[in-house]
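To start, the structure itself, in structure tokens.
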Amino acid sequence: MITPESTGGPASAPQIACTIDGHQVRVPEGTTVLKALRLIGKDVPTLCYSDRMVPFGACRTCLVEVEGRKPVASCHTPVGEGAKYRTHSALLTRLRKNITELVVSDHPLECLDCSANGRCELQTLAQDVGLRTPRYENPRTHNPHKDDSHPFVKLEMDKCIGCARCVRACDEVQGSFILAMEGRGYDTRVIAGNDTGFEEANCASCGQCVIECPVAALSEPGLREHGKPDGTVTTTCSYCGVGCSLNVNTKDGRVVNIEPNPQGSANIGHTCVKGRFAHQFAHSKDRLTSPLIRQPDGSFHEASWDEALDLIATKFSEIKKKYGPESFAAISSSRCTNEENYLMQKFARVVMGTNSIDNCSRVCHSPSAYALNNALGTGAGTNSFQDVHLSDVLMIVGANPTEAHPVFGSRIRQAMLAGCKLIVLDPRNTELATWADIHLPLKPGSNVAVINAMQ
Ligand code: FES
């Protein structure tokens, strides 16, 4: 997988020099022209390109001129030693406009009625090249194939421009291989599974295909009714410990949808189904949104936050005064963020004056923290997620990242697609066990003996 922080060429590769719009540029050998020109603040339009995936070279909108040669697609062409590139010229504008016309010829021009209106990459490209009405027309009626069997993903093939970003996202980012392109020309279709539809295709519902779709051939149902969000809050997903960075889009103070933050170092623009789509609880009518104070008769009285906090402070102070600080203990939650857990321990130590502060992860993590501390000097993991992509071999012992930490499970699959080997020690036939080069289905309880035998 190509990460946003990489330059496209191996850091250790020899440097080569080229000229882009008159600027001298040195980049590692293997860097694409597109990455090189973006490194110096230049840009060209793209449609089929995504920096999360291997370049595909399908749409040709990223053309650049090369002195002494025909224009080349910059997204998948490596920089040539001494080459001179031009990113903008009358010839390139004419070519890009013609390419855009061809793409638009197979796309309905009903922008105002489209959920991608205002954030459609094809719409932006058409504006950039000054295209109002295309000269070409689809000789057939638009592709009528639709699939709305999935609760979170809607497919409308008449909007598809055949860039295959959805298919590649499913393969290269999620590692699920659920989608494929079927047919030729105007009849090309995105299909799920064995053309069974999304619902039956064992889709993991990560929504990455929707994120990558540059138009709205794949979209989230119900989003169009909200119009454009009026705010975005970047936050950290609290469903598991991966720490995915999420952009929560809001309208009129309500969450309308959640998208992965491309800058998030843990997830690099990816999420699982929970972080992406499981946000409806935020506005559930069953949710308590104000404090309830129990009355002497057992009933609850709805209170303001000030009233509730005053009552808690009074009661805690009374307990501390009467029984001492050690009468108080606090247990924080691994569902909370690091910052919230930090505040909780500050409250226990500074306000209540006790060190009796713990976290629920003590129950599951205490033995591993002890062992890690003895072996590595710290009771936590010592590797970053990025290290997975630098590894030749990974070994998973008794863990099921696909289910427990799905985004990390995908990163393991990405590493394997790049050639990393995998060994799984687990009595269960987990999803990653089916990918593993070696699966050791050891007897439950024999982990330590198996690992000692490896020494
Ligand atoms: Fe380069 Fe599509 S973006 S060919």
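The values are calculated or read from the model by the stated rules, or taken from the named source; none is laboratory data. In this text, all values refer to a predicted model and were calculated from it rather than measured experimentally. Here Cβ is always computed from backbone atoms with ideal geometry, including for glycine, and neighbour counts include all displayed protein chains. Calculation scope for accessible area: heavy atoms of the full protein, side chains included, ligands and nucleic acids excluded. Shrake-Rupley method; radii C 1.70, N 1.55, O 1.52, S 1.80 Å.
Brief remarks on what is shown
- Matching residues in region 50-98 - criterion: being among the aromatic types (Phe, Trp, Tyr) and modelled with pLDDT under 95: Phe56
- Taking the numbered list (1) in contact (Cβ under 8 Å) with a residue 40 or more places away in the chain; (2) in contact with a Ser or Thr (Cβ under 9 Å, 6 or more places away or on another chain) in turn, His107 passes all entries but (2).
- Residue under evaluation Gln386, criteria (1) surrounded by 12 or more Cβ atoms within 10 Å (Cβ to Cβ); (2) modelled with pLDDT of 95 or more, criterion not met: (2)
- Applying the condition of being within 13 Å of the ligand (Cβ to nearest atom) and outside any loop (DSSP other than H, G, I, E, B) to region 52-65 and asking which residue is farthest from the chain's Cα centre (by Cα) yields Val64.
- Enumeration of residues in region 66-77 that are outside any loop (DSSP other than H, G, I, E, B) and either surrounded by fewer than 18 Cβ atoms within 10 Å (Cβ to Cβ) or within 13 Å of the ligand (Cβ to nearest atom) (or both): Val72, Ala73
- Scanning region 96-129 for residues that are charged (D, E, K, R) and open to solvent by less than 60 Å² (accessible area, probe 1.4 Å) gives Arg96, Glu101, Asp106.
- Residue match in region 234-245 (condition: of a type in the set (A, V, I, L, M) and open to solvent by less than 60 Å² (accessible area, probe 1.4 Å)): yes
- Residue within region 130-142 that is touching a residue at least 12 places away in the same chain (Cβ under 8 Å) and surrounded by 21 or more Cβ atoms within 10 Å (Cβ to Cβ) present: no
- Inter-residue pairs, beta-carbon under 8 Å, first farther than 20 Å from Asn267 by Cβ and in region 156-180, second surrounded by fewer than 22 Cβ atoms within 10 Å (Cβ to Cβ) and of a type in the set (Phe, Trp, Tyr), 6+ apart: Cys163/Phe56; Ala164/Phe56
- Residue in region 38-51 that is within 6 Å of the ligand (Cβ to nearest atom), open to solvent by 10 Å² or more (accessible area, probe 1.4 Å) and of a type in the set (Val, Ile, Thr) present: yes
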